[in-house]
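No value in this document is a laboratory result; all are computed from the given coordinates. Since the model is a prediction, treat every value here as computed from it, not as a measurement. Virtual Cβ from ideal backbone geometry, glycine too; neighbours counted across all protein chains shown.
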Amino acid sequence: MEITTVKGKQYDIAVVNSDEIVITGVQSALDLIMSVSYETGCNRIIINKSAICEDFFDLSTKIAGDILQKFVTYKIKIAIVGDFSAYTSKSLKAFIYESNRGNDVLFLSDYEQAVDKLQRG
């Protein structure tokens, strides 16, 4: 896992790059939050969808809610970047839609969009 920082006008953003799955559950999410906070001081994170376990995207497992609650609790804004079109679950699509209406958890298609949205709020 590599963590780089994008310097922004208002906020610095940590970008997590990994060829392996980084978030597998609540504890690994907390570990990531602490690592990013310690190494960069950032409270905004961009992570690729491929670095998150597939169970996260199956809402019946409740993993997504548990993990994202930790990000909100610790006041860390996160943008998950990737192609979500392969998922057919109506509940997941609704979850993504509602998340993107807010500012704390974003599901976006590209890195530039993630940087732009995280800089705004």
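Annotations
- Residues of the range 71-78 include at least one that is surrounded by 15 or more Cβ atoms within 10 Å (Cβ to Cβ) and part of a helix (DSSP H, G or I).
- Number of residues in the range 100-109 that are in contact with a strand residue (DSSP E or B) (Cβ under 8 Å, 6 or more places away or on another chain), assigned to a loop (DSSP other than H, G, I, E, B) and free of Cβ contacts under 8 Å to residues at least 24 places away in the same chain: the value is 0.
- The single condition among (1) of a type in the set (Phe, Trp, Tyr); (2) in contact with a Ser or Thr (Cβ under 7 Å, 6 or more places away or on another chain); (3) in a helix (DSSP H, G or I) that PHE95 does not satisfy is (2).
- No other residue among SER50, SER60, SER37 is more than 19 Å from LEU118 (Cα to Cα), out of contact with any Leu (no Cβ under 7 Å at 6 or more places or on another chain), of a type in the set (Ser, Thr, Tyr) and surrounded by 13 or more Cβ atoms within 10 Å (Cβ to Cβ) apart from SER50.
- Wholly within the range 1-52, strands (runs of 3 or more DSSP E) carrying at least 3 residues that are touching a residue at least 12 places away in the same chain (Cβ under 8 Å), of a type outside the set (S, T, N, Q) and in contact with a Ser or Thr (Cβ under 6 Å, 6 or more places away or on another chain): none
For (1) basic (Lys, Arg); (2) more than 19 Å from ILE33 (Cα to Cα); (3) in contact (Cβ under 8 Å) with a residue 40 or more places away in the chain, each residue gets a yes or a no:
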{"site": "PHE71", "(1), (2), (3)": "no, no, yes"}
{"site": "ASP83", "(1), (2), (3)": "no, yes, no"}
{"site": "GLU98", "(1), (2), (3)": "no, yes, no"}
{"site": "TYR111", "(1), (2), (3)": "no, yes, yes"}
